[in-house]
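Have a look at the structure below, then the notes.
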Amino acid sequence: MVVGGGISGLTVAHELVAQGADVALFEAAPQVGGRIGSEHIGGFLFEHGPNCLVAPAPAAQALIDDVGLAHQTVLRGEAVRHRYLVRDGAVRSLPMEPYRLLLSDFFSWRARLRLMAEPFVPPYAGDETIAAFMRRRFGAEFHDTVMDALVGGLYAGDPEQLSVSAVFPHLKRIESEAGSITGGLIRNRLRHGKSGAGNPATRMLFSFRNGIAQLPVALASGLGQRIHAGHRVESLQLRAGGGFRLRVEHRGQSRSLDAAAVVLCVPAPTAARLLAPWQREGSEALAALAHPPLAVVFLGYRALDVAHPLDGLGVLAPAREKRGVLGMMFSSTLFAGRAPAGHVALTAFVGGARAPELALQKASMLREQVHEEARQLLGVARAPVLARVRYWRHGLPQPGLDHAARLEYLGEIESGHPGLFFAGNYRGGVSVANCIAAAAQLAERIGDSIREISPVSARAPSPAAGTASAASPAMR
Ligand SMILES: Cc1cc2nc3c(=O)[nH]c(=O)nc-3n(C[C@H](O)[C@H](O)[C@H](O)COP(=O)(O)OP(=O)(O)OC[C@H]3O[C@@H](n4cnc5c(N)ncnc54)[C@H](O)[C@@H]3O)c2cc1C
């Protein structure tokens, strides 16, 4: 039984079905997708959560092929030529080629000399925060102006708190293998050429014609009757003879179900609640993982009302700029079909670890605040023609220096309770592509054990639980 129909749960279910397993997926919301949601409004396309995937992403691309969605793929627009950052109150393009970066006046002379010294900084084997890692390797100015903005924009996170091994494991790997990041990137470029997979400037962003939600929709359609949307798993207990007993609520009525194997693909705070009655320490370890609130504000403008050419991915703001947004994505530049003709679309991110209280403001205040940022930074002259807000009360997981111990502990819980598995963005990386890769790997690992454990039938609803809805084939 898979609990949670976000991209992690859907991928696990899809892969297990492909292996011939008998699967039922329970999703609390009326529809699957979790953080992924694409909404069409008046010719605009509002992505409630993720906007894009980053290639190369072999597991995601294999899944997309498998569900027949490859022909719906859209690539990053040709007009995406810049990465903008806010620097001293102004929007500035960050040169992506190292030599251009060193020649430009984006950084002070001191900072540029410090960047050039990176190859001579000795590697450090242990874990550290992203801020400590970046300051040690590249100096304070690079961290405070570039990395802080990137971590805020991509992870809604605080680099002073996040573990570099958990969030950027590839950087730690490059450091330990090549002795320096610069050396590792040069080596990668010599090996793979300018468009090498490791070159961040050339990594390709992609989505689908009608939004990123086409992927969960396609997965759900393949899983058909195995999906039980609107079914919230309220509790999870161990059965005396092995296996699990779940209490599932649907339309105000609840009933008990027994399962030989359970894959928890819910966010960490929910997994913590489900474990609490019988796995206190595991529950506390998951509950301690912060998920600060995040608000997504979507604004549609007439193109003529925006002075900035929006010829980039978007603009990110480091904490020291004290802006009301973490960043704004130029959604209609990023992919075609995100705004009607003559219009542009911006997607702003507010709150996160940097300013969680801002994400909890009233929608009208958020719309006003982001419009004011767009006015100051991008020269927007008139009010938006469309404005929408999506709140994420529990935003993205923020793995700190205690995260490795948490993951180790989760592995021990799995070993101690055969048939119980965990998947989700707190385990194998937050991006959609990472979630897919980790879920596919997990499905491979659990396929055999699920097949080995004979299915346990669903119990009749208890009298106190009221009338149960008709059991689906997968519940039988
Ligand atoms: C605003 C935002 C922007 C993002 N941008 C990007 C991006 O551009 N690119 C990218 O790669 N990633 C991005 N991400 C990250 C990525 O979207 C998520 O990490 C990923 O989608 C998480 O998938 P998941 O399946 O692990 O979890 P979720 O999507 O959270 O799915 C968990 C599911 O479990 C269900 N559930 C919860 N409790 C229960 C219960 N008791 N019973 C049954 N079901 C339950 C939930 O309803 C949900 O459907 C973004 C995330 C956010 C929030």
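Work out how far the C-alpha atoms of segment 97-199 reach from end to end along every principal axis, then list the three figures in whole Å, largest first.
Dimensions of segment 97-199 along the principal axes of its Cα atoms: 33, 30, 26 Å.
Can you compute the label reach from GLU372? Point 7 Å from Cα along the Cβ direction, backbone N cut-off under 19 Å, restricted to segment 286-327.
295-300, 317-327
Rounded to the nearest whole Å³, what is the per residue volume of the convex hull around the Cα atoms of the chain?
About 149 Å³ per residue, rounded to a whole number.
What shape does segment 232-273 have by the C-alpha gyration tensor, where a ≥ b ≥ c are the square roots of the eigenvalues, rounded means a/c under 1.5, and otherwise prolate means a/b greater than b/c and oblate the rest?
Oblate is the answer for segment 232-273, as a/c is 1.5 or above yet b/c matches or exceeds a/b.
By how many nm would the segment from ALA287 to GLN225 grow when fully extended, if each residue of separation counts as 0.36 nm and the alpha-carbon distance is taken off?
Extra length from ALA287 to GLN225 when fully extended: 19.1 nm.
So how do ILE212, ILE41 line up by other beta-carbon neighbours within 10 Å, fewest first?
ILE41, ILE212
Ignoring everything except DSSP H segments at least 4 long, calculate the 222 nm mean residue ellipticity for the chain; use -39,500 (n - 2.57) per segment, divide by total residues, nearest 500.
Result for the chain, helices only: -10000 deg cm²/dmol.
What whole-number distance in Å separates the alpha-carbon centres of segment 249-276 and segment 366-394?
So the two Cα centres are separated by 37 Å.
Quick check: pseudo-label points 7 Å beyond the Cα along Cα→Cβ at GLN31 and ALA79, how many nm apart are they?
Calculated label separation equals 2.7 nm.
What ranking of ILE413, ILE36, ILE227 emerges when the number of other C-beta atoms within 10 Å of each C-beta is taken as an exposure proxy, fewest first?
Arranged by neighbour count, lowest to highest, ILE413, ILE36, ILE227 become ILE413, ILE36, ILE227.
Could you run the Karplus curve 6.51 cos²θ - 1.76 cosθ + 1.60 with θ = phi - 60° over segment 318-332 and give me ³J(HN,Hα) per residue in whole Hz, x for Gly and Pro?
Using θ = phi - 60°, the values come out as x, 4, 5, 7, 6, 8, x, 10, 6, x, 10, 8, 8, 4, 6 Hz.
Taking the DSSP beta bridges in the chain as the whole, what percent of them are antiparallel, to the nearest 5?
Of those bridges, close to 80 percent are antiparallel.
I want to check the label-to-label distance for TYR124 and TRP278. Put each point 7 Å from Cα in the C-beta direction and report it in nm to one decimal.
If labels sit at TYR124 and TRP278, their model points lie 4.3 nm apart.
If I model a spin label as a point 7 Å beyond the Cα along the Cα-Cβ vector, how far apart are those points for ALA303 and ARG173 in nm?
The two pseudo-label positions are separated by 4.1 nm.
Estimate the FRET efficiency between GLU234 and VAL385 by the formula 1/(1 + (r/R0)^6), using the beta-carbon distance for r and 56 Å for R0, to the nearest 0.05.
It comes to 0.85.
Going by how many other Cβ atoms sit within 10 Å of their own, how do TRP392, TRP278, TRP109 line up, fewest first?
TRP109, TRP278, TRP392
Across bins of 5 angstrom width beginning at 0, how are the C-alpha pair distances of segment 347-393 distributed, in whole percent?
Bin by bin from 0 Å, the calculated values are 5, 21, 31, 24, 14, 5, 1.
Readers should treat all values here as calculations from the given coordinates under stated rules, not as data from a laboratory. Small disclaimer: the values here were computed from a predicted structure and weren't measured. With ideal geometry, Cβ positions are generated from the backbone for all residues, glycine too; neighbour counts draw on all protein chains shown.
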